[in-house]
Amino acid sequence: MYVELKNINKSFGDFKASDNISFGIEKGKLIGLLGPSGSGKTTILRMIAGLETPDSGEIIIDGKVINNIPASKREIGFVFQNYALFRYMTVYENIAFGLRVRKNDKKSIDKRVKELINLVGLEGMEKRYPSQLSGGQKQRVAFARALAPNPQLLLLDEPFAAIDAKVRQELRSWLKEMILKLGVTSIFVTHDQDEAIEVADELIITNNGKIEQTGTPLEIYQNPETAFTASFFGQTSIIGDYTRFKTFSKVENASSAIVRPEFIKITKKGEVQKFRSSAVSGIVERTLFRGSNIELTVRVGDVLLTARRALDEPIISVGETVDVFIYRLFVTVGNKARIIENESLRENSIVI
Amino acid sequence: MKNEGSKIVKWLLIGISLLFAFLFLLLPLFTVISEALRNGWAAYKEAVTDEYTISAIWLTVEATVIAVLINTIFGLFAAWSVTKFYFRGKKLMTTMIDIPVTVSPIIAGLIFLLTFGRQSPIYPYLQAANIQIVFAVPGIVLATVFVTFPFISRELIPVLESQGTDEEEAAALMGASGLTIFRRVTFPHIKWAFLYGIVLCAARAMGEFGAVSVLSGHLRGKTNTLPLHVEILFNEFRYVPAFAVSSILVMMAVVILIIRSVVEYRGKGAE
Ligand SMILES: Nc1ncnc2c1ncn2[C@@H]1O[C@H](COP(=O)(O)OP(=O)(O)OP(=O)(O)O)[C@@H](O)[C@H]1O
Ligand SMILES: [Mg+2]
């Protein structure tokens, strides 16, 4: 493990911002720290950087405990949530700052700054001040500035938060490419699930100052271990009593169940549906054109489900009575989540 | 119709303001100058180059320079600690900084008189150490420093507050020392507010009368500042010299005003 946190605790007054946090990161990986607002993501990043001191626990980088090493000696690159560019310095001076502090000679500084300006594609903007840049350009400067002294670890706090959706998409792929090219171990914070899944090699899910789960995006998506992770991805619907839907085996002490839109099949009454006998009836309350699909809100008794239908399927209108079939769902027992499949799927595979 | 009305209001307000400024600000200045020159240039020159006047000028300059120096340093420290750190009693400290502007200067003078004068319990020790504060130059400097204490920190606190600590943290993470961070990140940000604070502090220090008057003892040639000297001359019915000395203060004020405008203008331009 290149970076390791062991039983880290941190409180602000009575408030526990980090509650026994432990995780490890391999060298060269791009890690996403994902969790809702206020879950303690920034706090973790700031403790690794040395801007905040943990109350207890160890932070280890490259085999050394660094708890007592001041921030200025840790050689960690940090991109702040709001960039924190030096507003009285030009783009060039911003990027050169970390090198000048190190008292590198002028020539090598100039060479390195030019190299970085090329890397982030800001040629011709060297003389501009941060106030004369767009959000995306500022982000690139912040990135170049953090990379200039060749840090072994790069921390990014919501690097795309202040950027509009379109540019954000471009910057995401750009950043991933850059980091891959440079091979620098990186941790980036986000509260956007899509962003995390798309960019990160591995995810660390935080909630209420605790770590809920770690793993690759696919692992976490497919096998959420806790109720929180199960409900965090996608437009999940919560079902109190899932046995109202047919052919699910009963789980002892189940508190509720969570379904994702892709777990649900909605069909018109006359449509062909293999598992018709295991479907229940529901009434469509809302339809919404989502561009690539149609989102349906369907009521089954007191449960509201969000599901999707492809554009080439027959159109369903509001008020229509439809068949609702659920392939699988996450059943939560206490804080744990467990996936269960619809029994009729299994029968079917036996038949085949 | 509405336009007409607002036009009248506009000119009415401007007219009243101008009249006020003329009556209460410009007219007295003209009076000072014209009274000073009433007996001709020679009389004016004599009053201005008088031995006591010269020593009063020097004392005023001395007190002003020391007050500005001390308040620059402490104002910076106070503003810095109030905005960049969190500590117990921070609110109290912010309030304390403002005491000198809320307390009447006369009372401030009396406080120092009681603290360092004959009645004070520490007076014998000061006496033994041969330190004279009351009715001497140190008392005057002390009073001036006290009265002008908040001017620099009060200019700095809002700018430091609005800046936050992000840029400093970013600089620290790149390995910069505290001094480098101050010099390259913080100072450029507060530069104009800082200069403006110094100008205000200097202006106030030069004109200080109340607190200084209590502590000075009015020893001509020794503990007389310009404002005190004017008062003495005036009380002796020597109007021409009184106005002549006043005109020196007026000129110093005008110089400060010009510097102030330049600082303000450049500061706005820098933003
Ligand atoms: N310096 C501080 N003093 C007091 N409380 C703090 C401090 N820093 C953070 N907190 C609290 O700790 C909790 C976690 O904060 P943190 O900034 O780590 O959240 P986050 O996950 O980064 O949230 P966001 O996505 O909104 O940035 C919050 O409830 C916050 O109020
Ligand atoms: Mg945050």
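The values are calculated or read from the model by the stated rules, or taken from the named source; none is laboratory data. The structure presented is a predicted model; accordingly, all values stated were derived computationally and were not measured. Because the Cβ atoms are built from the backbone with ideal geometry, glycine has one as well, and the counts that use them run over all protein chains shown. SASA here: full protein model, heavy atoms, side chains in, ligands and nucleic acids out. Shrake-Rupley method; radii C 1.70, N 1.55, O 1.52, S 1.80 Å.
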**OP:** Considering every residue within the range A:186-205, establish whether at least one is in a helix (DSSP H, G or I), over 15 Å from the mean Cα position of the chain (by Cα), away from chain B (no Cβ under 14 Å) and away from ligand 2 (no atom under 16 Å from the Cβ).
**Re:** no
Original post:
Would you call A:I44 in contact with a Lys or Arg (Cβ under 8 Å, 6 or more places away or on another chain), under 25 Å from A:I220 (Cα atoms) and either within 15 Å of ligand 1 (Cβ to nearest atom) or of a type in the set (G, A, S) (or both)?
Top reply: no
Original post:
Out of (1) open to solvent by less than 50 Å² (accessible area, probe 1.4 Å); (2) within 16 Å of the chain's Cα centre (by Cα), what's the single condition that is false for A:N223?
Top reply: (1)
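Every residue, every condition in (1) within 30 Å of B:W41 (Cβ to Cβ); (2) crowded, with 17+ Cβ neighbours inside 10 Å, yes or no:
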site: B:V212; (1), (2): no, yes
site: B:P227; (1), (2): yes, yes
site: B:A242; (1), (2): yes, yes
site: B:V245; (1), (2): yes, yes
site: B:V250; (1), (2): yes, no
**OP:** Please work out which one of (1) outside the structural domain of A:N9 (by TED's automatic domain parsing); (2) open to solvent by 40 Å² or more (accessible area, probe 1.4 Å); (3) touching a residue at least 24 places away in the same chain (Cβ under 8 Å); (4) not in a loop (DSSP other than H, G, I, E, B) is the condition A:T247 fails and give its number.
**Re:** (4)
Subject >> Residue among A:F143, A:F97, A:F78 that is within 16 Å of ligand 2 (Cβ to nearest atom) and of a type outside the set (D, E) >> reply: A:F78
**OP:** Select from the range B:156-205 the residues that are under 17 Å from A:Y83 (Cβ atoms) and more than 11 Å from chain A (Cβ to nearest Cβ) and list them in ascending order.
**Re:** B:S162
Original post:
Residue check: is A:R100 within 14 Å of chain B (Cβ to nearest Cβ), over 25 Å from A:T190 (Cα atoms) and free of Cβ contacts under 8 Å to residues at least 24 places away in the same chain?
Top reply: yes
Subject >> Selection from the range A:31-41 of residues that are aliphatic (A, V, I, L, M) and either out of contact with any Lys or Arg (no Cβ under 7 Å at 6 or more places or on another chain) or within 8 Å of ligand 1 (Cβ to nearest atom) (or both) >> reply: A:I31, A:L34
Subject >> From A:T185, A:T190, residue being in contact (Cβ under 8 Å) with a residue 24 or more places away in the chain, within 16 Å of ligand 1 (Cβ to nearest atom) and crowded, with 19+ Cβ neighbours inside 10 Å >> reply: A:T190
